[in-house]
Amino acid sequence: METMRDIKRRIGSVKNTQKITRAMKMVSAAKLQNSQKKARAAKPFFTMTRKILSDVYKYTDLKENHPLLHPSEGDKKLLIIISADRGLCGAYNTRITEEAEAFLKKNPDTEIFALGSKARDYLKRREYKIIKDYEQIDDYPSLNFARQISEEIIEMFKGTKFNQVNIIYTHFESAINQQLRNISLLPIDAEEIDQELIQKGESSSEEHVDYIYEPSPNYILDIILPKYVHNSLYSILLESKASEFGSRMTAMDAATENANEMIDDLTLSYNRARQASITKEITEIVGGAEALK
């Protein structure tokens, strides 16, 4: 049975842990707010890129042979996995690794491009093939970093090894709701993009307009398609980081509440032990007094 000293020591330990979880919650909340601002600032540019891509694709016939619009001759898939470099964010990393492992079991001819150390370490221990990995990703990834990564992915896709590129990440809905997604990044499905724009009421040209593209539609496609991949990956990185911060904030809030409950329970146990000690002392005094009579 624990003594009062042991219980008091445990209360002090839980209070110290509570201070840490409360501080981590506040830091995560601040980072989440900044991450959301960057995502909102990038959204108009990304939306306009999608609109231009939709227009160029719809109103030109010179698109059948573009390498980013059609699968290559390869027979393998490339899976990009975006996870965190740190833990203490609830089930954020676990959900990503479970989805990745399920995909890899269904598609054994898949190689991995890992962003974040948690998924990389998990899959490396299970001897999956990781051809490239990045760790210690900034809390606010830059567009230059996204461009660097996407250029590497595009070069891999243009080769003769991979016919499809998928990406697993966590889409940010709110601080307490993040949706795990597994989407196809390459080849680009321009018709699907057009349908999404129409459904959202963002299509810029639902009726045919005979645009004149200078120097040529093919040249415009060569510019806009890589930019679309850059912007898509940049948006996904920002969404992933916002989801990580939201998950960590929620987890640390729950940990702080659990610490409060533990402190209450331990305080009650301490008071009971103290009351039992006082009762025992009174009983001993009364028993001694009775013995002296």
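Which shape class, rounded, prolate or oblate, goes with region 1-111 when its Cα gyration tensor gives a ≥ b ≥ c as root eigenvalues, a/c under 1.5 marks rounded, and past that a/b bigger than b/c marks prolate?
Verdict is oblate for region 1-111.
Which one of Asn271, Asn182, Asn231 has the biggest mean-square fluctuation once the chain is modelled by GNM with Cα springs under 10 Å?
Between Asn271, Asn182, Asn231, it is Asn271 that shows the largest mean-square fluctuation.
For the chain, modelled as a Gaussian network with Cα springs under 10 Å, which listed residue fluctuates most, Asp265, Asp75, Asp222?
Evaluated over the chain, the most mobile residue of the options is Asp265.
With the crude spin-label approximation of a point 7 Å out along Cα→Cβ, what separation in nm comes out for His70 versus Ala289?
It works out to 10.3 nm between the two label points.
How many angstrom lie between the Cα centre of region 238-257 and the Cα centre of region 127-175?
Value for the Cα centre distance between the two parts: 22 Å.
Starting with the highest mean, order 5-16, 273-284 by the number of other Cβ atoms within 10 Å, averaged over the residues of each peptide. The partial results should precede the final answer.
Working: 5-16: 14.2, 273-284: 11.2.
Going by the mean number of other Cβ atoms within 10 Å, highest first, we get 5-16, 273-284.
Fewest to most neighbouring Cβ within 10 Å: what's the order for Leu268, Leu238, Leu143? Display every interim value, and only then the final one.
Working: Leu268 11, Leu238 24, Leu143 16.
Ranked by crowding around the Cβ, least crowded first: Leu268, Leu143, Leu238.
Angle between the Cα long axis of helix 92-106 and the longest principal axis of the chain, 0 to 90 degrees, nearest 10?
Roughly 50 degrees between the two axes.
For the residues Ser235, Ser35, what sequence is obtained by ranking on other C-beta atoms within 10 Å, fewest first?
In order of increasing Cβ crowding within 10 Å: Ser235, Ser35.
Could you derive backbone 3J(HN,Hα) for region 160-174 from the dihedral phi with the Karplus parameters 6.51, -1.76 and 1.60 (θ = phi - 60°), listing whole Hz in sequence and x where the residue is Gly or Pro?
Coupling constants for region 160-174: 10, 9, 10, 9, 7, 10, 10, 9, 10, 8, 10, 8, 7, 9, 7 Hz.
Calculate how many DSSP beta bridges within region 30-248 are antiparallel, expressed in % of all such bridges and rounded to the nearest 5. Present the calculation step by step, with values, prior to reporting the outcome.
Values: 9 of 25 bridges.
DSSP beta bridges in region 30-248 are roughly 35 percent antiparallel.
Only Cα pairs under 8 Å and at least 6 apart count here; give the relative contact order of the chain as a rounded whole percent. Each step should come with its number before you reach the end.
Details: 401 pairs, mean separation 94.9, N = 293.
This gives 32 percent for the chain.
If you bin every alpha carbon distance in region 1-61 into 10 Å steps from zero, what whole percent lands in each bin?
Result, from short to long distances: 18, 18, 17, 15, 12, 10, 7, 4, 0 percent.
Relative to the longest principal Cα axis of the chain, at what angle does helix 190-199 sit, 0 to 90 degrees, rounded to 10?
That helix lies at roughly 60 degrees to the long axis.
Rounded, prolate or oblate: which one fits region 122-169, using the alpha carbon gyration tensor with axes a ≥ b ≥ c (rounded when a/c is under 1.5, else prolate when a/b beats b/c, else oblate)?
Since a/c reaches 1.5 but b/c is at least a/b, the shape of region 122-169 is classed as oblate.
Among Glu261, Glu214, Glu152, determine the one that fluctuates most according to a GNM of the chain built with springs between C-alpha atoms less than 10 Å apart.
Largest GNM mean-square fluctuation: Glu214.
Coordinate-derived values only; no laboratory data. Just so it is clear, the model here is predicted, and its values are computed rather than measured. Glycine gets a Cβ as well: all are built from the backbone with ideal geometry, and neighbour counts include every protein chain shown.
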